[in-house]
Amino acid sequence: MKVTEVLLRHMKMRMKAPFTTSFGTFQDKEFLLLEAKDENGLSGWGESVAFHSPWYNEETLKTNWHMLEDFIIPDLLNKEIRHPDEVSEKLSYIRKNNMAKSAFEGAVWDLYAKQQGISLAKALGGTASNIEVGISIGIQDTVAVLLKLIEEHVNEGYKRIKVKIKPGWDVDVMREIRKHFPDVQLMADANSAYRLEDIELLKQLDEFDLMMIEQPLASDDIIDHATLQRELKTPVCLDESIHSYEDARKAIELGSCKIINIKIGRVGGLTESRRIHDLCQERGIPVWCGGMLESGIGRAHNIALTTLSNFVMPGDTAASSRYWEKDLIKPEVTVDNGMIRVPEKAGLGYEPDLETIKQFTVSEKSYS
Ligand SMILES: O=C(O)CCC(=O)C1=CC=C[C@@H](O)[C@@H]1C(=O)O
Ligand SMILES: [Mg+2]
């Protein structure tokens, strides 16, 4: 196949509520959409999950635009691509910049699946027809507000609750949650807010029977996490530390975690996500799909990936309506009793809603 035109769109969408983590709060989500067209006018869609500011990792919307415009698009436009797996191979000379690579690669995967007339899930080798999902709740002003939100989401049927923690908003908060929701599948995400010296505090979390603690220590660490995992009963899950198959292999060999959160953008695309998935399956490490507050396009990619057989824990991919007044796809992603039905139509299985996309487009540029 050949991509003969690429459309890059800078999007800005307001979330229904601000999202707060250990590193800050935001409500306006700015991101890139990438549409890749082939010679027959078919379009594949990808989303860059890089945020406006470099607080989750070093990538931003602008660095992604630069990488795409100056390297990735010129490298791949009008070139023969035999299979989407070739995209990451061809881009492997570019160090990191995984979210930028992933935006292009995701669009090529969607295009490929459409050309084959099969769903993206099937193109990836996924088999599940329904996937279990959980919800991720940011840091709130008060514990009472948090408890109320948890109650709402438990009543909606979400299969697990993830809450963000940071120093000063951790052990006491988890204790309160457990008191009110003794049986809910519960986990905490620290987004690297702690250091190994906090080990005694982190050990106190063992008391709450958490499914896992996500990324407690530095975003570039796998050594201290191994030390911590040896001391904790609670499984450690790595998010920010894993950018590739090789990172995953090393973390598993060191014993740095017992679970891995796979985010497609963070690891450079669906091909690398599947390689990490397969490795984890071989090594007995369960995985789940992390969210980046995506629009429907990125959400659809997450859903397809989650159909692979070692995605045995509920992911972060909640319903469109949890984030947006109006999402960019038709139909929107809906969650029924904590489950998403995987679409069977070709490609992503959701139609990009061009009118709504236009409404939230700040600027766009075409490359051909
Ligand atoms: O609902 C989602 O899409 C997941 C939200 C979420 O937990 C995260 C989004 C973005 C950055 C992080 O704070 C984070 C995570 O670390 O998993
Ligand atoms: Mg995380």
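The values are calculated or read from the model by the stated rules, or taken from the named source; none is laboratory data. Every value quoted in this text rests on a predicted model; they were computed, and no experiment measured them. Quick reminder, even Gly has a Cβ in these numbers, built from the backbone with ideal geometry, and neighbours come from all protein chains shown. For the accessible areas, the whole protein counts, side chains as well, though only heavy atoms, and no ligand, DNA or RNA atoms are used. Shrake-Rupley method; radii C 1.70, N 1.55, O 1.52, S 1.80 Å.
Looking only at residues that are part of a strand (DSSP E or B), out of contact with any Asp or Glu (no Cβ under 8 Å at 6 or more places or on another chain) and within 12 Å of ligand 1 (Cβ to nearest atom) in segment 22-34, which one is least open to solvent (accessible area, probe 1.4 Å)?
Here the answer is LYS29.
If we keep just the residues of segment 148-206 that are of a type in the set (Asp, Glu) and in contact with a Lys or Arg (Cβ under 8 Å, 6 or more places away or on another chain), which is farthest from ligand 1 (Cβ to nearest atom)?
Taking segment 148-206 and keeping what is of a type in the set (Asp, Glu), we get 151-152, 156, 170, 172, 176, 183, 189, 197-198, 200, 206.
Remaining after also requiring in contact with a Lys or Arg (Cβ under 8 Å, 6 or more places away or on another chain): 189, 206.
Numbers: ASP189: 5, ASP206: 22 Å.
If we take residues in segment 148-206 being of a type in the set (Asp, Glu) and in contact with a Lys or Arg (Cβ under 8 Å, 6 or more places away or on another chain), then ASP206 is farthest from ligand 1 (Cβ to nearest atom).
How many residues, within segment 207-219, are farther than 18 Å from PRO167 by Cα and more than 15 Å from ligand 1 (Cβ to nearest atom)?
1
Among LYS250, LYS233, LYS203, which is the only one that is surrounded by fewer than 23 Cβ atoms within 10 Å (Cβ to Cβ), more than 15 Å from ligand 2 (Cβ to nearest atom), outside any helix (DSSP H, G or I) and not assigned by TED's automatic domain parsing to the domain that holds VAL87? Walk me through how you get there before you give the answer.
On the way: LYS250 fails: outside any helix (DSSP H, G or I); LYS203 fails: outside any helix (DSSP H, G or I).
Of LYS250, LYS233, LYS203, the one residue that is surrounded by fewer than 23 Cβ atoms within 10 Å (Cβ to Cβ), more than 15 Å from ligand 2 (Cβ to nearest atom), outside any helix (DSSP H, G or I) and not assigned by TED's automatic domain parsing to the domain that holds VAL87 is LYS233.
Is there a residue being open to solvent by 10 Å² or more (accessible area, probe 1.4 Å), within 16 Å of ligand 2 (Cβ to nearest atom) and assigned to a helix (DSSP H, G or I) anywhere in segment 256-266?
There is no residue in segment 256-266 that is open to solvent by 10 Å² or more (accessible area, probe 1.4 Å), within 16 Å of ligand 2 (Cβ to nearest atom) and assigned to a helix (DSSP H, G or I).
List every residue pair whose Cβ atoms lie under 9 Å apart, where the two residues are 6 or more positions apart in sequence or sit on different chains, the first residue falls within segment 77-100 and is on the phi > 0 side of the Ramachandran plot and open to solvent by 50 Å² or more (accessible area, probe 1.4 Å), and the second residue, located anywhere, is modelled with pLDDT of 95 or more and of a type in the set (A, V, I, L, M).
ASN78/VAL3
Somewhere in segment 48-63, is a residue crowded, with 18+ Cβ neighbours inside 10 Å and more than 30 Å from ILE165 (Cα to Cα)?
So far as segment 48-63 goes, no, none of its residues is crowded, with 18+ Cβ neighbours inside 10 Å and more than 30 Å from ILE165 (Cα to Cα).
Any idea which residue in segment 156-200 is least open to solvent (accessible area, probe 1.4 Å), counting only those that are within 16 Å of ligand 2 (Cβ to nearest atom) and among the aromatic types (Phe, Trp, Tyr)?
This residue is TYR194.
Scanning segment 112-155 for residues that are within 16 Å of ligand 2 (Cβ to nearest atom) and among the β-branched types (Val, Ile, Thr), which turns out farthest from GLU35 (Cα to Cα)?
Among them, the one singled out is ILE139.
Which residue, of THR361, THR317, is among the β-branched types (Val, Ile, Thr) and within 16 Å of ligand 2 (Cβ to nearest atom)? So that I can check it myself, show each step before the final result.
Details: THR361 fails: within 16 Å of ligand 2 (Cβ to nearest atom).
The match here is THR317.
Any residue at all in segment 317-329 that is buried (at least 19 other Cβ atoms within 10 Å of the Cβ), within 16 Å of ligand 1 (Cβ to nearest atom) and on the phi > 0 side of the Ramachandran plot?
The answer is no, given that none of the residues of segment 317-329 is buried (at least 19 other Cβ atoms within 10 Å of the Cβ), within 16 Å of ligand 1 (Cβ to nearest atom) and on the phi > 0 side of the Ramachandran plot.
Is it the case that segment 275-285 has a residue that's open to solvent by less than 10 Å² (accessible area, probe 1.4 Å), touching a Phe, Trp or Tyr at 6+ places or on another chain (Cβ under 8 Å), of a type outside the set (Val, Ile, Thr) and within 12 Å of ligand 1 (Cβ to nearest atom)? Even if it seems obvious, please write down each step before you answer.
So the first thing to find is which residues in segment 275-285 are open to solvent by less than 10 Å² (accessible area, probe 1.4 Å), and the list is 276-277, 279-280.
In the following step, the residues that additionally are touching a Phe, Trp or Tyr at 6+ places or on another chain (Cβ under 8 Å) were identified as 276-277, 279.
If we keep only those that are of a type outside the set (Val, Ile, Thr) too, we end up with 277, 279.
Still in the list and also within 12 Å of ligand 1 (Cβ to nearest atom): none.
Looking through segment 275-285, none of the residues is open to solvent by less than 10 Å² (accessible area, probe 1.4 Å), touching a Phe, Trp or Tyr at 6+ places or on another chain (Cβ under 8 Å), of a type outside the set (Val, Ile, Thr) and within 12 Å of ligand 1 (Cβ to nearest atom).
Which count do you get for residues in segment 65-104 that are in a helix (DSSP H, G or I) and over 20 Å from ASP239 (Cα atoms)?
Residues that pass the stated criteria total 19.
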